[in-house]
Amino acid sequence: MIIKPKIRGFICTTAHPEGCAESVRRQIAAVQARKPVTGAKKVLVIGASTGYGLASRIAAAFGMGADTIGLFFERPATDDRTATAGWYNTAAFEKAAREAGLVAESLNGDAFSQAIKEEAVRLIREKLGKVDMVVYSVAAPRRTDPVTGEVYGSVLKPIGQSFSNKSVNVQNGVVNEVTMEPASDEEIRQTIKVMGGEDWILWMQLLAQEGLVADNVITLAYSYIGPEVTHAIYKEGTIGRAKEDLEVAARQITAELAPYGGRAYVSVNKALVTQASSAIPVVPLYISLLYKQMKAQGTHEGCIEQMARMMERIYGAGGEVVTDAEGRIRMDDWEMDEGIQAEVNKAWSAITTETLPELGDLEGYRQDFLQLFGFGFDNVDYEADVNPNVQL
Ligand code: NAD
């Protein structure tokens, strides 16, 4: 099969196995170019196949020599469809990790379900013994309640009042004004159920109850705060409410892990192009302005550099994890740098379809977007016939 990108709105419905393998190779190389970290050795990553979760898994395996179990929700290839990118990423990761002598096991299924949690328990007991790090990096549109069976949907909406701001159509580069209507109380409640901390708590309680957490275990979930221009749609919107819930969950989990000396942290990460973030209005335009400034300053990072630096921060300072006053790890420190934000702000007020090529890095955004699906790598032959049927 000759595989080309098929972009529909903010997703690409095809993925390239060789390109995804190249993406994973590059992420491994980025980690191996840094100093090794003495840290976690047995790691469970929930949401491990793309974006920040995949980068966490690679940073753990290739930066700390950790055995990993990765859990995700992906689709294998069928007769007429490629597999999803996360499927191909995982196949490439598993192969490289095993060649490096590491345990690398994967589970494909719904992290919110009781059945997959029980499978994970069995697999951890058999392959890892106990876990000393658990990364919770799920970004999902819906969740079925494991007890009541109710299906919750998450929405990306402002709260209280409608919100208008600039946004870009990434495909044609047109900047226009978008208006989003405020969420109902019910939509807020459901978004918290999907993207808040409830499922993270359930995972950690189960692992503790099953005797699978090692002493001094660290568990992480990821959040975003960002600048003023994105607040109405992010920090102060429905997703922000869910992220507040995640912080409450972190405190509860830390209290419950006290017998093991365990700690739960929310790490606030940088805005980056991932399948999840490309669905948020306003954010892609902000990201393209941010990329322009951070690349010019030499401080731009991708998911892998963020996660490698996070592991260094967690394990590098002799057990003292540096956090902000609310106990969060701030990997968005370089993004939120005053100088960077002042420039982004200036650009934001001047941004139009005409000024975007000069003030923003839409090309960088587009390239990252294509690469999420394994396209746009200069050393991959996209005219070659490839077998989409990759086994895990
Ligand atoms: P992503 O879309 O790349 O990854 C989502 C992961 O969740 C994938 O591995 C996917 O398979 C998995 N997943 C989805 N539904 C699942 C389910 N039901 N069961 C099991 N796995 C499931 O997204 P991402 O951007 O890496 O997001 C990960 C976390 O990082 C989220 O909490 C997000 O809010 C946070 N974050 C993202 C950004 C950003 O700019 N992308 C910034 C800060 C924080």
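Under 5 Å from the amide H of residue 73 lie the amide H atoms of 109, each residue being 5 or more positions distant or on a separate chain, with H modelled from the backbone and absent for Pro and chain starts.
When each of 79, 368, 199 is scored by the number of other beta-carbon atoms lying within 10 Å, the sequence from fewest to most is 79, 368, 199. Ignoring aspartates and glutamates fewer than eight residues from residue 130 along the same chain, the ones with Cα atoms less than 16 angstrom from its Cα are 67, 105, 118, 119, 210, 215. What is the Rg over Rh value, at two decimals, for the range 174-256, using alpha-carbon atoms and the Kirkwood definition of Rh? Rounded to two decimals, Rg/Rh equals 1.11.
How would you classify the range 17-71 from its alpha-carbon gyration tensor, with a ≥ b ≥ c the square roots of the eigenvalues: rounded for a/c under 1.5, else prolate if a/b is greater than b/c, otherwise oblate? Oblate is the answer for the range 17-71, as a/c is 1.5 or above yet b/c matches or exceeds a/b.
How high is the relative contact order of the range 1-144, in percent, with contacts defined as C-alpha pairs under 8 Å that are six or more residues apart? RCO, the range 1-144: 28 percent.
Counted over all Cα-Cα pairs of the range 7-372, pairs farther apart than 27 Å make up 46 percent. In this structure, the amide hydrogen of residue 376, modeled 1.01 Å from its nitrogen in the peptide plane, lies closer than 5 angstrom to no residue at least 5 positions away or on a different chain.
Listed by chain and number, the lysines whose C-alpha is less than 25 Å from the C-alpha of residue 127, apart from same-chain residues fewer than 8 away, are 41, 42, 95, 117.
Rounded to the nearest whole Hz, the Karplus-based 3J(HN,Hα) values (6.51 cos²θ - 1.76 cosθ + 1.60, θ = phi - 60°) of the range 37-53 follow the sequence 10, 8, x, 5, 10, 9, 10, 9, 10, 9, x, 9, 9, 8, x, 5, x, with x at glycine and proline.
Pairs of Cα atoms nearer than 8 Å and 6+ residues apart set the relative contact order; for the range 7-372 it is 18 percent.
Springs between Cα atoms under 10 Å define the GNM used for the chain, and in it the highest mean-square fluctuation of 303, 12, 20 occurs at 12. By the helix-only formula, in which each DSSP H run with n ≥ 4 contributes -39500 (n - 2.57) and the sum is divided by residues, the chain has a 222 nm mean residue ellipticity of -13000 deg cm²/dmol. Residues 159, 314, ranked from the fewest to the most other C-beta atoms within 10 Å, line up as 159, 314.
May I ask which residue of 52, 225, 365 lies farthest towards the positive end of the charge dipole of the chain, with charges of +1 (Lys, Arg) and -1 (Asp, Glu) on Cβ and the Cα centre as origin? Ranked along the dipole, the leading option is 52.
If you take the alpha carbon atoms of the range 251-353 and fit the smallest convex hull around them, that volume is 138 Å³ per residue.
Kindly identify the range 87-214 as rounded, prolate or oblate by the Cα gyration tensor criterion: order the square roots of the eigenvalues as a ≥ b ≥ c, call it rounded if a/c is under 1.5, otherwise compare a/b with b/c, prolate if a/b is larger, else oblate. Oblate. Does the range 188-329 come out rounded, prolate or oblate, given a ≥ b ≥ c as the square roots of the eigenvalues of its C-alpha gyration tensor, rounded meaning a/c under 1.5 and, failing that, prolate meaning a/b above b/c? In terms of gyration-tensor shape, oblate.
Our note on the geometry: Cα centres of the range 83-106 and the range 121-178, 23 Å apart.
Annotation for the range 236-339: GluC sites (Glu not before Pro) lying in DSSP loop with at most 14 further Cβ atoms inside 10 Å of their Cβ are 320, 326.
Computed from the coordinates by the stated procedures, all read-outs in this text should not be read as laboratory data. Since we're looking at a predicted model, the values are computed, not measured. FYI the Cβ positions are ideal-geometry reconstructions off the backbone, even for glycines, and counts take in every protein chain you see.
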